[in-house]
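First up is the structure itself, then whatever we jot down about it.
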Amino acid sequence: MKRSFRRALWVGAVVALTAATVPMATAFGAGSVTATFAKVQDWGTGHETRVTVTNGSDASVSTWRIEFDLPAGTSISSSWDADVTRTGDHYVAVKKSWAGPLGPGATFSWGYNGTGAYKAPLNCTINGAPCAGGGTPPPTTTAPPTTAPPTTAPPTTRPPTTPPPSGDRKIVGYFAQWGVYGRNYHVKNIHTSGSASKLTHILYAFGNTTGGRCTIGDSYADYEKAYTAADSVDGVADTWDQPLRGSFNQLRKLKKMYPHLKVIWSFGGWTWSGGFTQAAQNPAAFAESCYNLVEDPRWADVFDGIDVDWEYPNACGLTCDSSGPAAFKNVVSALRSRFGSSALVTSAITADGSTGGKIDAADYAGAAPYLNWIMPMTYDYFGAFNAQGPTAPHSPLYSYPGIPQQGFWSDAAIQKLKSKGIPANKLLLGIGFYGRGWTGVTQTAPGGTATGPAPGTYEQGIEDYKVLKNTCPATGTVGGTAYAKCGSNWWSYDTPSTIGGKMTYAKNQGLGGAFFWELSGDTSNGELIGAIKGGLG
(Lines give C-alpha, C1' and ligand atoms only; values in the text may rest on other atoms or scores of the structure.)
Protein backbone atom coordinates (compact mmCIF):
# COMPACT_ATOMS: atom_id res chain seq x y z
CA MET A 1 0.00 0.00 0.00
CA LYS A 2 1.54 3.28 -1.05
CA ARG A 3 1.36 5.94 1.58
CA SER A 4 2.64 9.25 0.28
CA PHE A 5 4.97 11.00 2.41
CA ARG A 6 3.52 12.47 5.56
CA ARG A 7 6.23 15.02 5.39
CA ALA A 8 6.81 18.76 5.53
CA LEU A 9 5.05 19.27 2.20
CA TRP A 10 1.79 18.63 4.04
CA VAL A 11 1.23 22.10 5.45
CA GLY A 12 -1.71 24.41 6.12
CA ALA A 13 -3.52 26.32 8.82
CA VAL A 14 -6.40 25.51 11.13
CA VAL A 15 -7.92 28.31 13.14
CA ALA A 16 -10.14 28.53 16.18
CA LEU A 17 -13.88 28.01 15.75
CA THR A 18 -15.73 31.23 15.06
CA ALA A 19 -19.36 32.09 14.70
CA ALA A 20 -18.97 32.08 10.94
CA THR A 21 -18.34 28.33 10.97
CA VAL A 22 -21.80 27.65 12.43
CA PRO A 23 -24.22 28.52 9.65
CA MET A 24 -27.39 28.10 11.67
CA ALA A 25 -28.06 28.44 15.39
CA THR A 26 -31.30 28.12 17.30
CA ALA A 27 -31.03 30.14 20.50
CA PHE A 28 -33.74 30.10 23.08
CA GLY A 29 -32.92 33.50 24.54
CA ALA A 30 -31.25 34.33 27.84
CA GLY A 31 -32.24 33.51 31.37
CA SER A 32 -31.11 31.82 34.55
CA VAL A 33 -30.08 28.64 32.73
CA THR A 34 -30.41 28.45 28.95
CA ALA A 35 -29.82 25.98 26.13
CA THR A 36 -28.67 26.85 22.62
CA PHE A 37 -28.83 24.39 19.70
CA ALA A 38 -26.33 25.10 16.88
CA LYS A 39 -26.05 23.30 13.56
CA VAL A 40 -22.40 22.33 13.20
CA GLN A 41 -22.78 20.58 9.85
CA ASP A 42 -25.56 19.37 7.55
CA TRP A 43 -24.99 16.94 4.70
CA GLY A 44 -28.65 16.52 3.71
CA THR A 45 -29.19 12.97 4.90
CA GLY A 46 -27.79 13.78 8.32
CA HIS A 47 -26.43 16.54 10.52
CA GLU A 48 -24.41 17.31 13.63
CA THR A 49 -25.74 19.58 16.39
CA ARG A 50 -23.97 21.18 19.33
CA VAL A 51 -26.04 22.04 22.41
CA THR A 52 -24.61 24.61 24.84
CA VAL A 53 -25.94 24.93 28.39
CA THR A 54 -25.20 28.32 29.99
CA ASN A 55 -25.55 29.05 33.69
CA GLY A 56 -26.54 32.70 33.90
CA SER A 57 -27.36 32.55 37.60
CA ASP A 58 -25.16 33.51 40.54
CA ALA A 59 -25.01 30.02 42.04
CA SER A 60 -23.67 26.66 40.90
CA VAL A 61 -26.15 24.37 39.18
CA SER A 62 -25.91 20.80 40.42
CA THR A 63 -27.68 19.21 37.47
CA TRP A 64 -29.53 20.01 34.29
CA ARG A 65 -32.21 18.21 32.28
CA ILE A 66 -33.21 19.30 28.78
CA GLU A 67 -36.46 18.10 27.21
CA PHE A 68 -37.38 18.83 23.61
CA ASP A 69 -39.17 17.49 20.56
CA LEU A 70 -37.68 17.05 17.10
CA PRO A 71 -39.82 17.77 14.03
CA ALA A 72 -40.88 14.98 11.72
CA GLY A 73 -38.14 13.83 9.37
CA THR A 74 -35.28 14.07 11.82
CA SER A 75 -34.11 12.04 14.79
CA ILE A 76 -31.03 11.57 16.95
CA SER A 77 -28.86 8.65 15.87
CA SER A 78 -25.99 9.09 18.35
CA SER A 79 -24.88 11.53 21.05
CA TRP A 80 -21.93 12.33 23.30
CA ASP A 81 -21.23 14.10 26.62
CA ALA A 82 -24.87 13.77 27.76
CA ASP A 83 -27.22 10.89 28.54
CA VAL A 84 -30.03 11.03 25.97
CA THR A 85 -33.25 9.00 25.98
CA ARG A 86 -36.09 9.02 23.48
CA THR A 87 -39.82 8.43 23.54
CA GLY A 88 -41.26 8.89 20.06
CA ASP A 89 -40.20 12.35 18.93
CA HIS A 90 -39.59 13.50 22.51
CA TYR A 91 -36.03 13.55 23.86
CA VAL A 92 -34.56 13.98 27.32
CA ALA A 93 -30.89 14.88 27.83
CA VAL A 94 -29.34 14.93 31.28
CA LYS A 95 -25.91 15.83 32.61
CA LYS A 96 -23.26 13.12 32.76
CA SER A 97 -22.28 12.15 36.30
CA TRP A 98 -18.65 13.09 35.64
CA ALA A 99 -19.44 16.65 34.60
CA GLY A 100 -19.82 18.10 38.11
CA PRO A 101 -21.67 21.32 39.04
CA LEU A 102 -21.91 24.11 36.49
CA GLY A 103 -20.48 27.27 38.05
CA PRO A 104 -21.94 30.76 37.70
CA GLY A 105 -21.31 32.11 34.20
CA ALA A 106 -19.98 28.76 33.00
CA THR A 107 -21.02 26.84 29.90
CA PHE A 108 -21.07 23.17 28.95
CA SER A 109 -21.53 21.65 25.51
CA TRP A 110 -22.75 18.26 24.38
CA GLY A 111 -23.64 17.09 20.90
CA TYR A 112 -25.51 14.67 18.71
CA ASN A 113 -25.66 13.37 15.17
CA GLY A 114 -29.09 13.28 13.61
CA THR A 115 -30.78 11.72 10.61
CA GLY A 116 -32.24 13.99 7.96
CA ALA A 117 -31.50 17.66 7.45
CA TYR A 118 -31.09 19.89 10.50
CA LYS A 119 -34.31 21.17 12.01
CA ALA A 120 -34.62 23.28 15.15
CA PRO A 121 -36.04 21.49 18.19
CA LEU A 122 -39.47 22.36 19.54
CA ASN A 123 -40.94 22.78 23.04
CA CYS A 124 -37.53 23.01 24.68
CA THR A 125 -37.27 23.15 28.47
CA ILE A 126 -34.29 23.01 30.81
CA ASN A 127 -34.88 21.98 34.42
CA GLY A 128 -38.59 22.46 33.76
CA ALA A 129 -38.30 26.08 32.62
CA PRO A 130 -38.21 27.32 29.02
CA CYS A 131 -34.83 26.98 27.35
CA ALA A 132 -35.17 30.71 26.72
CA GLY A 133 -34.88 31.25 30.46
CA GLY A 134 -37.17 33.30 32.62
CA GLY A 135 -39.17 30.42 34.11
CA THR A 136 -38.94 28.76 37.48
CA PRO A 137 -35.37 29.07 38.80
CA PRO A 138 -33.39 25.86 38.43
CA PRO A 139 -32.26 23.87 41.44
CA THR A 140 -28.93 25.14 42.74
CA THR A 141 -26.26 23.93 45.04
CA THR A 142 -23.27 25.45 46.74
CA ALA A 143 -19.90 24.57 45.32
CA PRO A 144 -18.24 21.46 46.73
CA PRO A 145 -16.09 22.36 49.74
CA THR A 146 -12.86 21.24 48.04
CA THR A 147 -13.43 23.02 44.70
CA ALA A 148 -14.35 26.65 44.35
CA PRO A 149 -16.71 27.42 41.44
CA PRO A 150 -15.22 29.41 38.61
CA THR A 151 -15.69 33.14 38.87
CA THR A 152 -15.47 33.69 35.12
CA ALA A 153 -16.64 31.69 32.15
CA PRO A 154 -14.14 29.23 30.69
CA PRO A 155 -12.43 30.45 27.52
CA THR A 156 -14.31 27.97 25.33
CA THR A 157 -17.72 26.35 25.18
CA ARG A 158 -16.42 23.03 26.46
CA PRO A 159 -15.34 22.19 30.01
CA PRO A 160 -11.66 22.71 30.76
CA THR A 161 -11.23 19.00 31.46
CA THR A 162 -13.18 16.07 30.08
CA PRO A 163 -13.38 12.33 30.70
CA PRO A 164 -12.73 9.81 27.94
CA PRO A 165 -15.35 9.52 25.20
CA SER A 166 -18.16 7.14 26.12
CA GLY A 167 -17.57 3.44 25.85
CA ASP A 168 -14.24 1.70 25.58
CA ARG A 169 -13.67 2.27 21.85
CA LYS A 170 -10.55 4.20 20.99
CA ILE A 171 -10.40 7.35 18.88
CA VAL A 172 -6.76 7.83 17.92
CA GLY A 173 -5.49 10.74 15.83
CA TYR A 174 -2.09 11.57 14.38
CA PHE A 175 -0.42 14.90 15.07
CA ALA A 176 2.25 15.58 12.42
CA GLN A 177 5.30 17.36 13.85
CA TRP A 178 5.92 19.28 10.60
CA GLY A 179 2.45 20.83 10.73
CA VAL A 180 3.83 23.59 12.95
CA TYR A 181 5.62 25.08 9.92
CA GLY A 182 3.74 26.03 6.75
CA ARG A 183 0.46 24.54 7.90
CA ASN A 184 0.54 26.59 11.08
CA TYR A 185 -1.22 23.73 12.88
CA HIS A 186 -0.19 23.50 16.52
CA VAL A 187 -1.19 21.48 19.56
CA LYS A 188 -3.46 24.38 20.53
CA ASN A 189 -5.60 23.65 17.47
CA ILE A 190 -6.42 20.22 18.90
CA HIS A 191 -8.09 22.13 21.73
CA THR A 192 -9.76 24.97 19.82
CA SER A 193 -11.27 22.59 17.23
CA GLY A 194 -12.94 20.52 19.95
CA SER A 195 -10.92 17.48 18.90
CA ALA A 196 -9.18 17.03 22.26
CA SER A 197 -12.44 16.25 24.01
CA LYS A 198 -13.24 13.54 21.44
CA LEU A 199 -9.82 11.87 21.18
CA THR A 200 -8.68 9.11 23.49
CA HIS A 201 -5.09 9.01 22.18
CA ILE A 202 -2.76 11.19 20.12
CA LEU A 203 -0.02 9.64 17.98
CA TYR A 204 2.92 12.03 17.68
CA ALA A 205 4.51 11.49 14.25
CA PHE A 206 7.35 10.78 13.83
CA GLY A 207 10.51 9.75 15.54
CA ASN A 208 13.33 8.49 13.31
CA THR A 209 14.95 5.02 13.27
CA THR A 210 18.43 5.98 12.13
CA GLY A 211 21.03 3.25 12.56
CA GLY A 212 18.56 0.82 14.07
CA ARG A 213 17.89 3.16 17.00
CA CYS A 214 15.05 5.44 18.01
CA THR A 215 16.20 9.00 17.37
CA ILE A 216 14.74 12.51 17.32
CA GLY A 217 12.96 13.41 14.12
CA ASP A 218 12.93 17.24 14.33
CA SER A 219 14.40 18.70 17.50
CA TYR A 220 13.17 22.24 16.76
CA ALA A 221 9.53 21.24 16.31
CA ASP A 222 9.71 18.61 19.04
CA TYR A 223 11.19 20.51 21.97
CA GLU A 224 12.99 23.72 20.99
CA LYS A 225 10.42 25.99 19.29
CA ALA A 226 9.34 28.86 21.58
CA TYR A 227 5.59 29.44 21.69
CA THR A 228 3.97 32.83 22.06
CA ALA A 229 1.01 33.30 24.35
CA ALA A 230 -1.30 33.44 21.32
CA ASP A 231 -0.16 30.06 20.00
CA SER A 232 0.18 28.29 23.35
CA VAL A 233 -2.43 25.82 24.57
CA ASP A 234 -2.97 27.68 27.84
CA GLY A 235 -2.23 31.20 26.67
CA VAL A 236 1.11 31.31 28.50
CA ALA A 237 4.21 32.12 26.47
CA ASP A 238 7.41 30.10 26.67
CA THR A 239 10.43 31.71 28.31
CA TRP A 240 13.98 31.55 26.98
CA ASP A 241 15.26 29.54 29.92
CA GLN A 242 12.54 26.95 30.44
CA PRO A 243 13.78 23.34 30.20
CA LEU A 244 11.22 22.12 27.63
CA ARG A 245 9.52 23.96 24.79
CA GLY A 246 8.15 22.94 21.39
CA SER A 247 5.27 20.57 20.74
CA PHE A 248 6.31 18.30 23.61
CA ASN A 249 5.66 21.06 26.14
CA GLN A 250 2.41 21.98 24.40
CA LEU A 251 1.29 18.34 24.63
CA ARG A 252 2.11 18.41 28.34
CA LYS A 253 -0.18 21.43 28.71
CA LEU A 254 -2.91 19.76 26.65
CA LYS A 255 -2.80 16.67 28.86
CA LYS A 256 -3.24 18.85 31.95
CA MET A 257 -6.31 20.38 30.34
CA TYR A 258 -7.67 16.99 29.22
CA PRO A 259 -6.46 14.42 31.78
CA HIS A 260 -8.03 11.51 29.90
CA LEU A 261 -5.74 12.00 26.88
CA LYS A 262 -2.82 9.67 26.29
CA VAL A 263 0.05 10.50 23.93
CA ILE A 264 2.07 7.87 22.06
CA TRP A 265 5.30 8.61 20.22
CA SER A 266 5.23 6.99 16.78
CA PHE A 267 8.47 5.97 15.08
CA GLY A 268 9.08 5.27 11.41
CA GLY A 269 6.41 6.17 8.88
CA TRP A 270 6.84 6.10 5.13
CA THR A 271 10.08 8.09 5.17
CA TRP A 272 11.85 6.85 8.29
CA SER A 273 11.19 3.09 8.27
CA GLY A 274 14.57 2.15 6.82
CA GLY A 275 16.22 1.85 10.24
CA PHE A 276 13.89 -0.96 11.30
CA THR A 277 15.93 -3.39 9.18
CA GLN A 278 18.95 -2.82 11.39
CA ALA A 279 16.74 -2.77 14.48
CA ALA A 280 15.56 -6.29 13.65
CA GLN A 281 19.16 -7.51 13.86
CA ASN A 282 19.32 -6.56 17.55
CA PRO A 283 15.80 -5.93 18.87
CA ALA A 284 16.93 -5.62 22.49
CA ALA A 285 19.38 -2.83 21.68
CA PHE A 286 16.74 -1.07 19.60
CA ALA A 287 14.21 -1.33 22.44
CA GLU A 288 16.75 0.04 24.90
CA SER A 289 17.42 3.08 22.71
CA CYS A 290 13.69 3.70 22.31
CA TYR A 291 13.05 3.43 26.02
CA ASN A 292 15.84 5.87 26.81
CA LEU A 293 14.48 8.39 24.32
CA VAL A 294 10.78 8.14 25.16
CA GLU A 295 11.52 8.15 28.88
CA ASP A 296 14.02 11.02 28.71
CA PRO A 297 13.51 12.98 31.98
CA ARG A 298 12.81 16.16 30.02
CA TRP A 299 9.57 14.76 28.59
CA ALA A 300 8.90 11.39 30.23
CA ASP A 301 5.55 12.63 31.55
CA VAL A 302 4.41 13.61 28.04
CA PHE A 303 4.40 10.13 26.52
CA ASP A 304 2.41 7.08 27.56
CA GLY A 305 4.07 4.63 25.20
CA ILE A 306 5.54 3.93 21.78
CA ASP A 307 4.09 3.16 18.36
CA VAL A 308 5.88 1.20 15.62
CA ASP A 309 5.02 2.37 12.11
CA TRP A 310 7.23 0.05 10.06
CA GLU A 311 6.48 0.34 6.35
CA TYR A 312 6.98 -2.58 5.77
CA PRO A 313 8.50 -5.61 7.53
CA ASN A 314 9.75 -8.27 5.10
CA ALA A 315 8.32 -6.24 2.21
CA CYS A 316 8.87 -2.99 0.31
CA GLY A 317 7.83 0.56 1.06
CA LEU A 318 10.13 3.50 0.37
CA THR A 319 12.88 0.94 1.01
CA CYS A 320 12.73 -2.84 1.00
CA ASP A 321 13.21 -5.11 4.00
CA SER A 322 14.12 -8.79 3.94
CA SER A 323 14.46 -9.45 7.67
CA GLY A 324 12.07 -12.39 7.51
CA PRO A 325 8.52 -12.98 8.73
CA ALA A 326 9.52 -13.10 12.43
CA ALA A 327 11.29 -9.71 12.46
CA PHE A 328 8.25 -7.61 13.32
CA LYS A 329 7.24 -9.91 16.17
CA ASN A 330 10.78 -9.88 17.53
CA VAL A 331 10.95 -6.07 17.53
CA VAL A 332 7.61 -5.46 19.26
CA SER A 333 8.30 -8.28 21.74
CA ALA A 334 11.54 -6.54 22.72
CA LEU A 335 9.75 -3.21 23.07
CA ARG A 336 7.10 -4.75 25.31
CA SER A 337 9.76 -6.39 27.45
CA ARG A 338 11.67 -3.13 27.90
CA PHE A 339 8.72 -0.76 28.34
CA GLY A 340 6.80 -3.10 30.63
CA SER A 341 3.17 -4.04 30.88
CA SER A 342 1.87 -0.61 31.94
CA ALA A 343 3.12 1.29 28.85
CA LEU A 344 1.22 1.45 25.59
CA VAL A 345 2.90 -0.37 22.71
CA THR A 346 0.97 -0.09 19.45
CA SER A 347 1.58 -0.42 15.72
CA ALA A 348 0.30 0.96 12.43
CA ILE A 349 0.60 -1.76 9.81
CA THR A 350 -0.11 -2.50 6.18
CA ALA A 351 -3.71 -2.94 5.06
CA ASP A 352 -2.85 -4.96 1.96
CA GLY A 353 -5.45 -7.71 2.07
CA SER A 354 -4.46 -9.36 -1.18
CA THR A 355 -3.41 -12.99 -1.32
CA GLY A 356 0.33 -13.19 -0.71
CA GLY A 357 0.45 -9.44 -0.04
CA LYS A 358 2.11 -7.45 2.71
CA ILE A 359 -0.10 -8.77 5.54
CA ASP A 360 1.01 -12.28 4.61
CA ALA A 361 4.69 -11.24 4.60
CA ALA A 362 5.04 -10.79 8.39
CA ASP A 363 3.81 -12.54 11.52
CA TYR A 364 1.38 -9.88 12.67
CA ALA A 365 -0.69 -12.42 14.59
CA GLY A 366 2.38 -13.54 16.53
CA ALA A 367 3.11 -9.92 17.41
CA ALA A 368 -0.46 -9.13 18.51
CA PRO A 369 -0.11 -10.38 22.13
CA TYR A 370 2.64 -7.80 22.70
CA LEU A 371 0.60 -4.90 21.33
CA ASN A 372 -2.24 -2.95 22.93
CA TRP A 373 -3.80 -2.49 19.52
CA ILE A 374 -3.02 -2.67 15.79
CA MET A 375 -3.90 -0.04 13.18
CA PRO A 376 -4.16 -1.36 9.60
CA MET A 377 -3.75 1.74 7.40
CA THR A 378 -6.97 1.33 5.44
CA TYR A 379 -6.35 4.28 3.12
CA ASP A 380 -3.99 5.13 0.24
CA TYR A 381 -5.02 1.99 -1.63
CA PHE A 382 -5.26 3.94 -4.90
CA GLY A 383 -4.06 7.35 -6.00
CA ALA A 384 -2.24 9.41 -8.60
CA PHE A 385 1.00 7.62 -7.84
CA ASN A 386 -0.54 5.68 -10.76
CA ALA A 387 -0.72 8.83 -12.85
CA GLN A 388 -2.90 7.50 -15.67
CA GLY A 389 -5.43 5.91 -13.34
CA PRO A 390 -7.78 4.21 -13.34
CA THR A 391 -9.53 6.53 -10.93
CA ALA A 392 -10.53 4.75 -7.75
CA PRO A 393 -11.35 5.74 -4.16
CA HIS A 394 -8.25 5.66 -1.97
CA SER A 395 -10.08 4.29 1.07
CA PRO A 396 -12.87 1.92 0.03
CA LEU A 397 -14.55 0.01 2.80
CA TYR A 398 -15.79 -2.73 0.47
CA SER A 399 -15.01 -4.02 -2.99
CA TYR A 400 -17.06 -2.86 -5.95
CA PRO A 401 -17.30 -3.88 -9.64
CA GLY A 402 -14.18 -2.72 -11.42
CA ILE A 403 -11.96 -2.17 -8.39
CA PRO A 404 -8.37 -2.11 -9.77
CA GLN A 405 -6.78 -4.51 -7.28
CA GLN A 406 -8.22 -7.46 -5.38
CA GLY A 407 -7.77 -7.23 -1.62
CA PHE A 408 -7.31 -3.45 -1.67
CA TRP A 409 -10.23 -2.45 0.50
CA SER A 410 -10.67 -2.07 4.24
CA ASP A 411 -12.88 -5.07 4.92
CA ALA A 412 -10.43 -7.36 3.10
CA ALA A 413 -7.66 -6.29 5.49
CA ILE A 414 -9.81 -6.59 8.59
CA GLN A 415 -11.09 -10.03 7.67
CA LYS A 416 -7.60 -11.29 6.78
CA LEU A 417 -6.17 -10.08 10.10
CA LYS A 418 -9.06 -11.60 12.03
CA SER A 419 -8.66 -14.89 10.16
CA LYS A 420 -5.05 -15.03 11.33
CA GLY A 421 -6.26 -14.96 14.94
CA ILE A 422 -5.91 -11.28 15.84
CA PRO A 423 -8.78 -10.33 18.18
CA ALA A 424 -11.23 -7.88 16.61
CA ASN A 425 -11.06 -5.58 19.61
CA LYS A 426 -7.32 -5.13 19.01
CA LEU A 427 -7.95 -3.76 15.50
CA LEU A 428 -8.75 -0.10 14.76
CA LEU A 429 -10.20 1.06 11.44
CA GLY A 430 -8.18 3.74 9.61
CA ILE A 431 -9.72 6.92 8.21
CA GLY A 432 -8.03 9.51 5.99
CA PHE A 433 -8.80 13.17 6.65
CA TYR A 434 -7.75 13.97 3.08
CA GLY A 435 -8.51 13.01 -0.48
CA ARG A 436 -6.51 11.71 -3.41
CA GLY A 437 -7.15 12.93 -6.93
CA TRP A 438 -6.30 12.89 -10.62
CA THR A 439 -6.58 15.45 -13.40
CA GLY A 440 -7.37 15.03 -17.09
CA VAL A 441 -10.37 12.88 -16.23
CA THR A 442 -13.49 12.83 -18.43
CA GLN A 443 -15.46 10.05 -16.73
CA THR A 444 -17.46 10.86 -13.59
CA ALA A 445 -17.75 7.28 -12.33
CA PRO A 446 -14.68 5.48 -10.94
CA GLY A 447 -12.50 3.68 -13.45
CA GLY A 448 -11.71 6.58 -15.75
CA THR A 449 -8.33 7.39 -17.27
CA ALA A 450 -6.26 10.41 -16.21
CA THR A 451 -3.23 12.41 -17.27
CA GLY A 452 -1.65 12.92 -13.84
CA PRO A 453 -2.23 14.04 -10.27
CA ALA A 454 -4.76 16.76 -9.53
CA PRO A 455 -3.34 20.03 -8.17
CA GLY A 456 -3.07 20.13 -4.38
CA THR A 457 -2.31 22.93 -1.97
CA TYR A 458 0.94 21.37 -0.77
CA GLU A 459 1.42 18.21 -2.79
CA GLN A 460 0.02 17.10 -6.13
CA GLY A 461 -2.67 14.47 -5.92
CA ILE A 462 -3.47 15.09 -2.25
CA GLU A 463 -5.78 17.61 -0.58
CA ASP A 464 -7.27 18.11 2.88
CA TYR A 465 -10.92 17.36 3.54
CA LYS A 466 -11.40 20.91 4.82
CA VAL A 467 -10.49 22.17 1.35
CA LEU A 468 -12.24 19.54 -0.77
CA LYS A 469 -15.58 19.87 1.01
CA ASN A 470 -15.79 23.38 -0.47
CA THR A 471 -13.81 23.14 -3.73
CA CYS A 472 -15.07 19.74 -4.92
CA PRO A 473 -18.08 18.56 -2.86
CA ALA A 474 -18.77 14.85 -2.99
CA THR A 475 -21.43 13.82 -5.49
CA GLY A 476 -21.30 10.03 -5.37
CA THR A 477 -20.32 7.06 -3.26
CA VAL A 478 -18.65 3.78 -4.11
CA GLY A 479 -17.42 1.00 -1.86
CA GLY A 480 -18.57 2.91 1.22
CA THR A 481 -16.63 6.12 0.53
CA ALA A 482 -17.22 9.29 -1.51
CA TYR A 483 -15.97 10.77 -4.77
CA ALA A 484 -16.51 13.81 -6.97
CA LYS A 485 -15.53 15.12 -10.40
CA CYS A 486 -14.96 18.87 -10.67
CA GLY A 487 -13.95 20.03 -14.11
CA SER A 488 -11.27 17.60 -15.20
CA ASN A 489 -10.26 16.73 -11.61
CA TRP A 490 -11.51 13.59 -9.87
CA TRP A 491 -11.23 13.22 -6.08
CA SER A 492 -12.10 10.57 -3.53
CA TYR A 493 -12.36 11.19 0.20
CA ASP A 494 -14.43 10.42 3.26
CA THR A 495 -17.23 12.70 4.43
CA PRO A 496 -19.13 12.78 7.74
CA SER A 497 -21.75 10.58 6.11
CA THR A 498 -19.35 7.90 4.82
CA ILE A 499 -17.44 7.97 8.10
CA GLY A 500 -20.74 7.24 9.82
CA GLY A 501 -21.09 4.13 7.69
CA LYS A 502 -17.54 3.06 8.46
CA MET A 503 -18.11 3.50 12.19
CA THR A 504 -21.22 1.33 11.96
CA TYR A 505 -19.03 -1.28 10.29
CA ALA A 506 -16.41 -0.96 13.05
CA LYS A 507 -19.06 -1.53 15.71
CA ASN A 508 -20.64 -4.45 13.88
CA GLN A 509 -17.22 -6.08 13.48
CA GLY A 510 -16.43 -5.61 17.17
CA LEU A 511 -13.37 -3.48 16.40
CA GLY A 512 -11.58 -1.54 19.11
CA GLY A 513 -12.32 1.83 17.54
CA ALA A 514 -10.83 4.02 14.82
CA PHE A 515 -7.75 6.07 14.04
CA PHE A 516 -7.07 8.74 11.47
CA TRP A 517 -4.37 10.56 9.53
CA GLU A 518 -4.20 13.40 10.48
CA LEU A 519 -5.61 16.19 12.65
CA SER A 520 -4.85 19.20 10.45
CA GLY A 521 -6.94 17.84 7.56
CA ASP A 522 -10.18 18.31 9.49
CA THR A 523 -12.23 21.51 9.59
CA SER A 524 -11.55 24.08 12.29
CA ASN A 525 -14.59 22.80 14.19
CA GLY A 526 -13.72 19.11 13.84
CA GLU A 527 -16.41 17.81 11.48
CA LEU A 528 -14.73 14.48 10.75
CA ILE A 529 -13.65 13.61 14.27
CA GLY A 530 -17.17 14.52 15.35
CA ALA A 531 -18.50 11.97 12.88
CA ILE A 532 -16.09 9.34 14.22
CA LYS A 533 -17.12 9.93 17.81
CA GLY A 534 -20.78 10.16 16.98
CA GLY A 535 -20.62 7.01 14.89
CA LEU A 536 -18.83 4.99 17.54
CA GLY A 537 -20.94 6.42 20.33
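Working note: Karplus 6.51/-1.76/1.60 with θ = phi - 60° gives the stretch 211-224 the couplings x, x, 10, 6, 9, 5, x, 8, 4, 5, 5, 5, 8, 10 Hz, where Gly and Pro are set to x.
Rolling a 1.4 Å probe over the protein heavy atoms of the stretch 378-426, with every protein chain left in place, gives an accessible area that is 51 percent carbon and sulfur. Once the C-beta distance of ARG65 and THR115 is scaled by a Förster radius of 22 Å, the resulting FRET efficiency is 0.40 to the nearest 0.05. Give me the angle, in degrees from 0 to 90, between the Cα long axis of helix 246-257 and the longest principal axis of the Cα atoms of the chain, rounded to the nearest 10. Between helix and principal axis, roughly 40 degrees.
Can you give me the Kirkwood hydrodynamic radius for the chain, using every pair of distinct Cα atoms, in Å to one decimal? Hydrodynamic radius (Kirkwood, Cα only) of the chain equals 24.1 Å. Between the C-alpha center of the stretch 219-273 and that of the stretch 43-85 there is a gap of 34 Å. With respect to the chain, whose longest principal axis is taken over its alpha-carbon atoms, helix 327-339 is tilted by about 50°.
Relative contact order (percent) for the stretch 378-501, with alpha-carbon contacts under 8 angstrom and 6 or more residues of separation? Numbers along the way, then the final one.
On the way: 262 pairs, mean separation 36.6, N = 124.
Averaging sequence separation for qualifying contacts and normalising by length gives 30 percent for the stretch 378-501.
Distant-in-sequence amide contacts of GLY305, defined by a placed amide H-H separation under 5 Å and a gap of 5 or more residues or a different chain, comprise TRP265, LEU344. Taking a straight line from the alpha carbon of LYS262, these lysines sit under 20 Å away, with near neighbours fewer than eight places off in the same chain left out: LYS170, LYS188, LYS198, LYS253, LYS426, LYS533. Pairs exceeding 32 Å between alpha-carbon atoms, taken from LYS39/LYS95; LYS119/LYS256; LYS256/LYS507; LYS256/LYS416: LYS119/LYS256; LYS256/LYS416. Look at where the Cα atoms of the stretch 513-530 and of the stretch 176-193 average out, and the two centres are 13 Å apart. Relative contact order of the chain, taken over Cα pairs closer than 8 Å and 6 or more residues apart, is 14 percent.
Hey, got a sec? Which chymotrypsin sites (Phe, Trp or Tyr not before Pro) in the stretch 254-318 land in a DSSP loop and have at most 10 other Cβ atoms within 10 Å? Could the numbers behind the result be given before it?
Details: sites: TRP265, PHE267, TRP270, TRP272, PHE276, PHE286, TYR291, TRP299, PHE303, TRP310; in loops: TRP270, TRP272, TRP299, PHE303, TRP310.
In loop regions of the stretch 254-318 (DSSP not H, G, I, E or B), there are no sparsely surrounded chymotrypsin sites (Phe, Trp or Tyr not before Pro).
On a straight-distance basis, which aspartates and glutamates could pair with LYS255 in a cross-link, Cα separation under 13 angstrom, same-chain partners fewer than 8 positions away excluded? Reachable aspartates and glutamates: ASP234, ASP301, ASP304.
Rounded to a whole number, what % of the accessible area of the stretch 213-297 do carbon and sulfur atoms account for, probe 1.4 Å? The partial results should precede the final answer.
On the way: 1840 of 3540 Å².
With neighbouring chains kept in place, the figure for the stretch 213-297 is 52 percent.
Heavy-atom accessible surface of the stretch 420-524, averaged per residue, reaches 31 Å², computed with a 1.4 Å probe.
What does the helix-only formula give at 222 nm for the chain: each DSSP H stretch with n ≥ 4 adding -39500 (n - 2.57), the total divided by the residues, and the result rounded to the nearest 500 deg cm²/dmol? Don't skip to the answer; put the middle values down first.
Working: 11 runs with 95 residues, N = 537.
Mean residue ellipticity at 222 nm (helix-derived): -5000 deg cm²/dmol.
For the chain, the longest principal axis of the Cα atoms and the long axis of helix 283-294 meet at an angle of about 30 degrees. Listed by chain and number, the lysines whose alpha-carbon sits under 16 Å from that of LYS420, ignoring those within fewer than 8 places in the same chain, are LYS329, LYS358.
In this structure the amide hydrogen of THR378, modeled in the peptide plane, comes within under 5 Å of the amide hydrogens of GLY430, none closer than 5 places in sequence on its chain.
The values are calculated or read from the model by the stated rules, or taken from the named source; none is laboratory data. Because the structure is predicted, anything quoted here is derived from the model rather than measured. Every residue, glycine as well, gets a Cβ built from its backbone with ideal geometry; the counts of neighbours run over all protein chains shown. With ligands, DNA and RNA removed, areas are computed over all heavy atoms of the protein, side chains included. Shrake-Rupley method; radii C 1.70, N 1.55, O 1.52, S 1.80 Å.
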